[in-house]
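I have placed the structure first, in the form of structure tokens, so that the comments after it can refer back to it.
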Amino acid sequence: QSSKAAQKAKELAKTLVEKIEKETLDKIPAEKKALALAAKKAEVKSQTEEQKQILAEFPALLVSVSNLEKFDPQGAA
């Protein structure tokens, strides 16, 4: 029973992460989308200044299941 609940919670968290990612990307101007996606994939130590700036402007680009509560406290609960 509890493993089913845990699985359902994981799926819900994953869905919320995807929703937040999409909403965040929708807010980013078209000319900055490629930069934003590259910044999201880049390792922290290899990020350019431009990438750091866009991540500072749109921190939800870095949303994941493990940090979901920062971006959607109710959904993560």
| query | So which residues in region 51-75 are over 17 Å from residue 22 (Cβ atoms) and among the small types (Gly, Ala, Ser)? | reply | 56, 66
| task | Report those helices (runs of 4 or more DSSP H) wholly inside the chain carrying at least 2 residues which are at pLDDT below 95 and loosely packed, with under 12 Cβ neighbours inside 10 Å. | result | 2-27, 73-76
| field | Every pair of residues 6+ apart whose Cβ atoms lie under 8 Å, when the first sits in region 19-31 and is free of Cβ contacts under 8 Å to residues at least 40 places away in the same chain while the second is not aliphatic (A, V, I, L, M) | value | 24/58; 25/33; 27/58; 28/58
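The values are calculated or read from the model by the stated rules, or taken from the named source; none is laboratory data. All values derive from a computational prediction rather than experimental measurement. Glycine also receives a Cβ, built like all others from the backbone with ideal geometry; neighbour counts cover every protein chain displayed.
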